[in-house]
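Nothing in this text is a laboratory measurement; each read-out follows from the coordinates by a stated rule. Computed from a prediction, not measured in an experiment: that's the story for all the values here. All Cβ positions, even for glycine, are placed from backbone atoms using ideal geometry, and neighbour counts span all protein chains on display.
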Amino acid sequence: MSQKFTLDADTAADGLKLIEMALAEDTGSTSLTTAVDCTTQSVIPPSATAAAALVSRQRGIVCGVEVAKLAITNCAPGLVFDVTCQDGQSIAPGETIAVLRGAAHQILMMERTCLNFLCRLSGISTLTHAFAQKVADTKVQILDTRKTTPGYRRLEKYAVQCGGGTNHRMGLYDAVMIKDNHLAFYKAWNRGAVDAVADAVELARQWIDDNQTRLPNGVDTILQLEVDTLEQFESALPHRPDIVLLDNMSNDVLKSAVAIRNSVAPEVLLEASGGVNLETISAIAQTGVDRISIGALTHSAINFDIGLDWTIGE
């Protein structure tokens, strides 16, 4: 039985805000009672009823059904929304995802809003699935990044999950991630620092301990460090960050880092990033890293092709 995906409260809340914005920019209102659809209202009789199927035009992984359901429930409760394919399920061309039944006016006014969410999120879940399949024979996790569409982060990360990926930190507020820019500023600000990497890890760990009551994950807040040389990596390991991000390293260097980690600090997770695509990911996974993060999952996914087909008289 496939995993059942549902929107948590925070993701649903973000989704509803976006649904209302989408409906308002399309019809001039967040309510169908006052919405204007010039074409539909001028051509289609107000009393007309029908059924319309949301149909996949390609093969992939569906995501956005729960968002479309949220849109119908909150903005067009008079419509019936019969789901035939759940989020996270695979689909082939010509298969029906869901069927809308009720007033033709409402179906037409809700059509583009529902399809935009379904096409965007299904594109992400389908691309994520393609990456996940490339490493299916390894222990590697596929992760997203913060390179998301503004306002869509929770929805796009939900789509990554539906495609078989794992979510990285949600934002700046729920994990520490010391990157090259942090280290560069620290070294410029503290010119007497002997080892900026070691200093940064120790400072961050103390900060987590001091601020645990206001952090979502408390004392368990993840401490991650980004390095781009083996020298930085070897300096960091004795200080036991939870995760080390190995940025833009060759596969040979990644293998060396894995061997060092296994010898010195086997509990530290290693994450590769940079230069990852569907052609390179298998070889990266074979180096022995635990995680691979890919910004393209969200910033470069192509919209999935889904259409609406009428069934008049149903």
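Quick notes on this one:
- Just so you know, the averaged projected area of the alpha carbon convex hull for segment 134-299 sits at 10.2 nm².
- Identified option (computed Kirkwood radius over Cα pairs in Å; candidates [x] 19.7; [y] 21.7; [z] 23.7): [y]
- Gain on full extension, evaluated as 0.36 nm per residue between GLN3 and VAL253 minus their Cα-Cα distance, stands at 86.4 nm.
- Counted residue by residue at 0.36 nm each, then reduced by the alpha carbon distance between them, the extension gain from SER42 to ASP199 reaches 49.7 nm.
- Global geometry of segment 208-314, whether rounded, prolate or oblate, following the gyration tensor of its Cα atoms and the 1.5 cut on a/c: oblate
- Radius 14 Å from Cβ of ASP10, net charge of other residues (Lys, Arg +1; Asp, Glu -1): -1
- Exposure proxy order (Cβ contacts within 10 Å, fewest to most) of THR11, THR96: THR96, THR11
- Highest average packing first - 128-135, 114-121, Cβ atoms within 10 Å: 114-121, 128-135
- Taking 7 Å steps out from each Cα toward its Cβ at ARG112 and GLN286 produces label points 4.8 nm apart.
- Farthest toward positive dipole pole in segment 134-299 [+1 Lys/Arg, -1 Asp/Glu at C-beta], among LEU237, ALA175, VAL264: ALA175
- Unpaired by the 4.7 Å Cβ criterion, cysteines found in the chain: CYS38, CYS75, CYS85, CYS114, CYS119
- Here the spin labels are modelled as points 7 Å beyond Cα on the Cα-Cβ line, and at GLU279 and ASN303 they lie 2.8 nm apart.
- In this simple spin-label approximation, MET170 and ASP10 carry label points 7 Å from Cα along the Cα→Cβ vector, and these lie 0.1 nm apart.
- Charged neighbours of VAL140, selected by a Cβ distance under 15 Å, balance to +1 (K, R count +1; D, E count -1).
- Calculated FRET efficiency for the pair LYS187/ASN211, C-beta based, R₀ 25 Å, to 0.05: 0.60
- Summarising the strand pairing of the chain, around 50 percent of its internal DSSP beta bridges are antiparallel.
- Mean separation of Cα pairs under 8 Å and 6 or more residues apart, divided by the residue count, gives segment 134-299 a relative contact order of 29 percent.
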